[in-house]
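Following: one structure in structure tokens, then a few remarks.
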Amino acid sequence: GSEIYEIPYQDPTTLKWRKYIPDFYVVYVDRNGEEHKDLMEIKPQCQTYEDMAKTKRDKEAIKLNQAKWEAAKHWCKLNGIGFKILTEEEIYRL
């Protein structure tokens, strides 16, 4: 599914509560026959890793993304779902 879950998080800049909507919900069976359920977010590395951020905008995006992702990890743990962040590195490597 695409953008099917809404996860509440607190914006670290404004302190307002907002909704984070991860990009994808994926259910798959691995080569061992085990079923997995994951929420996945796709972001460029410059908005994911502090050492890759070159602009002020990227650095601000990282701060906001981290708040979203912490809320998502907590929500996923409560719901028995994995959470993965994919960048161009993971996408093109695979």
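The values are calculated or read from the model by the stated rules, or taken from the named source; none is laboratory data. Everything numeric in this text was worked out from a predicted model, so none of it was measured. Backbone-built Cβ (ideal geometry, glycine too); neighbour counts: all protein chains shown. The protein model used for the area step is the full one, side chains on, heavy atoms only, and it has no ligands, DNA or RNA in it. Shrake-Rupley method; radii C 1.70, N 1.55, O 1.52, S 1.80 Å.
For residues that are surrounded by 15 or more Cβ atoms within 10 Å (Cβ to Cβ) and farther than 14 Å from Pro44 by Cα, scanning just the range 74-87, find the one that is nearest to the chain's Cα centre (by Cα).
By that ranking, first place goes to Phe83.
Being more than 19 Å from Lys68 (Cα to Cα) and either in contact with a Lys or Arg (Cβ under 9 Å, 6 or more places away or on another chain) or among the small types (Gly, Ala, Ser) (or both) is the filter here, so list the residues in the range 27-55 that pass it.
Within the range 27-55, Val27, Tyr28, Gly33 qualify.
Output yes when any residue across the range 49-61 is of a type in the set (Ser, Thr, Tyr), open to solvent by less than 50 Å² (accessible area, probe 1.4 Å) and either more than 22 Å from Arg18 (Cα to Cα) or over 12 Å from the mean Cα position of the chain (by Cα) (or both), and no when none is.
no
For the range 1-25: of the residues being hydrophobic (A, V, I, L, M, F, W, C) and assigned to a strand (DSSP E or B), which is surrounded by the most Cβ atoms within 10 Å (Cβ to Cβ)?
Only one residue fits best here, namely Ile7.
Inspect all residues belonging to the range 26-40 and state whether any of them is of a type outside the set (Val, Ile, Thr), in contact with a Ser or Thr (Cβ under 9 Å, 6 or more places away or on another chain), under 21 Å from Tyr92 (Cα atoms) and surrounded by 10 or more Cβ atoms within 10 Å (Cβ to Cβ).
From the range 26-40, those of a type outside the set (Val, Ile, Thr) are 28, 30-40; that's our starting set.
Add one more test, that the residue is in contact with a Ser or Thr (Cβ under 9 Å, 6 or more places away or on another chain), and what stays is none.
The answer is no; no qualifying residue exists.
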